[in-house]
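Trainee: Mind having a look at this structure? Questions to follow.
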């Protein structure tokens, strides 16, 4: 039991962080409408701007944070990130203008290190053959958090639009205190390396990791996959309101369904799937399933079907641990933090692009007077991107063998 305590600590940290992040999704459209007075289509564009502001800072500072965790250890970086998140949520709770909301997201992006640092922690304590499974545990904890967060946020929204942000700030603060007291350090002094400004540069860090055997095409694939998958946080709340007339409560419950499915899939399916099919086939099957689900979301008009496919959509979450495991095996022990930092930066770069593309696509196909009304158009785009990812992974496999 004692040997599992570090995993329990990190899972609890990610769980609470996921709850805090998921709290705000159902109410974000209402908050933007409140501070801007715009239409829903225009509010969706502002939602993309907020997500992009966060992602730009994450892209720029992700490698710095990853390299700092390779130099000073995982614990101080993770705890600092949680305290900054607490400040961010509180800023958003009192924001009276869209510019203050944007400032809050920029501040959060500076230290958006929670998930990547937790993944580096898991890599530190895991044997190479166990990494996919343990990455799946981290993903499952985040999934449960995202599942519970929107439900709690939807309920709190009935009290006040700002209440979920205060709750998220309190959770991040308590989470940081909890980690400060109980989280062990996973990176011993002998496995740390000097901090390098050159390697902390996003482009230099990318070059260092992409030089690893066979990793570069996987990094490009990872980037396209992230663009496609970010369709959920980018437009789901706006899509649900426009296509089905969902309330904040409905949006929270659909995200809860997705999150539970995602958590169960990563906790239960990743290990057996990788063991039986291998990481490559697991990723292929997962992306194929997600492509079908995206295409279905694009065209459905009946709300009861949404619930079925929200439950199925989490099954595709086996893709991420499989890809992480493939790339993690190519990196040395003292590069795990750098690798996760690069993956965080790639994800951030994708979320710079994806919210703008997805929200603009949504706005174009839903604004008054549009030539072709299709609220699900962003999901069509995501399905096409996933098809491209499948082709790229198959080509990588052929080259590797």
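The values are calculated or read from the model by the stated rules, or taken from the named source; none is laboratory data. This structure is a prediction, so every number in the text was calculated from the model and none was measured. All Cβ positions, glycine included, derive from the backbone under ideal geometry; neighbour counts span all protein chains shown.
Trainee: Does residue 205 satisfy the condition of being at pLDDT below 75, assigned to a helix (DSSP H, G or I) and out of contact with any strand residue (DSSP E or B) (no Cβ under 9 Å at 6 or more places or on another chain)?
Mentor: yes
Trainee: Could you say which residue among 322, 283, 311, 295 is part of a helix (DSSP H, G or I), in contact (Cβ under 8 Å) with a residue 40 or more places away in the chain and surrounded by fewer than 17 Cβ atoms within 10 Å (Cβ to Cβ)?
Mentor: Criteria check complete, one pass: 311.
Trainee: Which one of these is closer than 21 Å to residue 389 by Cα and at pLDDT 85 or above: 283, 234, 330, 311?
Mentor: One residue alone meets the criteria, 283.
Trainee: If I ask for residues that are part of a helix (DSSP H, G or I) and more than 17 Å from residue 51 (Cβ to Cβ), which ones from region 242-256 would you list?
Mentor: Within region 242-256, 242, 243, 244, 248, 249, 250, 252, 253, 254, 256 meet the criteria.
Trainee: Let me ask something else about it. Take the residues in region 208-231 that are within 30 Å of residue 293 (Cβ to Cβ) and in a loop (DSSP other than H, G, I, E, B); name whichever of them is modelled with the lowest pLDDT.
Mentor: Result: 214.
Trainee: Of the residues that make up region 72-90, is at least one at negative phi, at pLDDT below 80, in a helix (DSSP H, G or I) and surrounded by fewer than 24 Cβ atoms within 10 Å (Cβ to Cβ)?
Mentor: The answer is yes, given that some residue of region 72-90 is at negative phi, at pLDDT below 80, in a helix (DSSP H, G or I) and surrounded by fewer than 24 Cβ atoms within 10 Å (Cβ to Cβ).
Trainee: Which residues, counting only those in region 177-194, are over 26 Å from residue 321 (Cβ atoms) and either at pLDDT 75 or above or part of a helix (DSSP H, G or I) (or both)?
Mentor: Those that are over 26 Å from residue 321 (Cβ atoms) and either at pLDDT 75 or above or part of a helix (DSSP H, G or I) (or both): 177, 180, 181, 189, 190.
Trainee: Within region 354-401, restricting attention to residues that are free of Cβ contacts under 8 Å to residues at least 12 places away in the same chain and part of a helix (DSSP H, G or I), which residue is farthest from residue 245 (Cα to Cα)?
Mentor: 398
Trainee: Something else about it: Does at least one position in region 117-129 carry a residue that is free of Cβ contacts under 8 Å to residues at least 12 places away in the same chain, in a helix (DSSP H, G or I) and farther than 24 Å from residue 37 by Cβ?
Mentor: yes
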